[in-house]
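The values are calculated or read from the model by the stated rules, or taken from the named source; none is laboratory data. What you see is a predicted model; the values in this text were computed from it and never measured. A quick note on method: Cβ atoms are made from the backbone with ideal geometry, for glycine too, and the neighbour counts reach across all protein chains shown.
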Amino acid sequence: MAKILLYSIKKDLSHQLQNILGNKFSIIFCGDDNRSLDLKDIQYILAGCDYNCLIDLCANKFIFLYKNRHIPFVIIRPLWIKKIFFEFPGFLLSAFLDISLSNSQKDILNTLKSSEYYPGSSKFPIPPYDPIFKIIELQKIIAEYPLQHHSLSSLSRLLGRSRSWLPLNFHKISGIRLQAFLVRIRCCFALYQILTTNKPIKIISLEAGYKPLYFSQLFRHIFTFSPLVTRTFFSSFF
């Protein structure tokens, strides 16, 4: 039986994933303490994200993923939707590394994406024409392609809505502003690069779509520390 590691602080997520993946796969739960963890026979890692962006937890998670980068991983995030509109444990998936997968690893990813909890699946309970689905689809686009620099106009055309409709209804349905959601996702991906590569922070900021000084301000707002301080402090953890 293929083994999947769930790296998350929320153990209830493991029950949901086990129900999705069935008896073909075994979910092994791991919290933020991974010191005695045996990774033998682990074929895939699902790394949970709750959008809280706590620098210690996020950095430790990314350092763990980098040290075990021979195992494919994907970030799994809940949909950010107000419960008054949609109380359903759907999720988004973000792959940070473009690496080839074995047939078994492809089976794991395809099983997740074909479940009723993943937007885009034929089993997903909200029809594509529903305004709530449009906001979920927008979150999916941002989460899966954080470095694609979509303009508000291009996103509007892609989703078949007006430029004014998107930001207004994104905030109304999710409870967070569109730009704030985008910044969180991009800074998350940037944090992984800051910690695990030697790429200049200037380049990371430009790839994220921001001028370096402004990116530093956004990053500090999300993670408390500047990109440079973050890289310097956590460099000793490798």
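When the test is whether a residue is surrounded by 17 or more Cβ atoms within 10 Å (Cβ to Cβ) and in a helix (DSSP H, G or I), residue 184 passes it.
Given 220, 184, 231, which one is basic (Lys, Arg), touching a Ser or Thr at 6+ places or on another chain (Cβ under 7 Å) and within 16 Å of residue 55 (Cα to Cα)?
Being basic (Lys, Arg), touching a Ser or Thr at 6+ places or on another chain (Cβ under 7 Å) and within 16 Å of residue 55 (Cα to Cα) holds for just one of 220, 184, 231, which is 220.
Any chance the range 123-142 includes a residue that's over 21 Å from residue 89 (Cα atoms) and touching a Phe, Trp or Tyr at 6+ places or on another chain (Cβ under 6 Å)? For the range 123-142, residues over 21 Å from residue 89 (Cα atoms) and touching a Phe, Trp or Tyr at 6+ places or on another chain (Cβ under 6 Å): absent. For the residues 24, 40, the requirement of being basic (Lys, Arg) and in contact (Cβ under 8 Å) with a residue 40 or more places away in the chain singles out 24.
Looking at 206, 191, can you tell me which residue is within 20 Å of residue 231 (Cβ to Cβ), touching a residue at least 12 places away in the same chain (Cβ under 8 Å) and either aliphatic (A, V, I, L, M) or in contact with a His (Cβ under 7 Å, 6 or more places away or on another chain) (or both)?
On the way: 206 fails: touching a residue at least 12 places away in the same chain (Cβ under 8 Å).
Only one candidate passes the filter, namely 191.
If the condition is being within 19 Å of the chain's Cα centre (by Cα) and either farther than 22 Å from residue 59 by Cβ or outside any helix (DSSP H, G or I) (or both), then the range 198-223 contributes 208, 209. Select from the range 1-43 the residues that are within 16 Å of residue 77 (Cα to Cα) and hydroxyl-bearing (Ser, Thr, Tyr) and write down the one among them that is modelled with the lowest pLDDT. Across the range 1-43, the extreme among qualifying residues is 14.
Residue by residue, here is whether (1) part of a loop (DSSP other than H, G, I, E, B); (2) among the aromatic types (Phe, Trp, Tyr) holds:
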position: 161; (1), (2): yes, no
position: 180; (1), (2): no, no
position: 230; (1), (2): no, no
position: 234; (1), (2): no, yes
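The strands (runs of 3 or more DSSP E) found entirely in the range 16-84 that carry 3 or more residues being farther than 30 Å from residue 171 by Cβ and in contact with a strand residue (DSSP E or B) (Cβ under 9 Å, 6 or more places away or on another chain) are 25-30, 42-48.
Screening residue 65 against (1) surrounded by fewer than 20 Cβ atoms within 10 Å (Cβ to Cβ); (2) of a type in the set (A, V, I, L, M); (3) closer than 20 Å to residue 197 by Cα leaves a single unmet condition, (1).
One residue alone among 14, 114, 104, 26 is in contact with a Ser or Thr (Cβ under 6 Å, 6 or more places away or on another chain), over 30 Å from residue 235 (Cβ atoms) and of a type in the set (S, T, N, Q), and that residue is 114. The one condition from (1) touching a strand residue (DSSP E or B) at 6+ places or on another chain (Cβ under 9 Å); (2) assigned to a helix (DSSP H, G or I) that residue 6 does not meet is (2).
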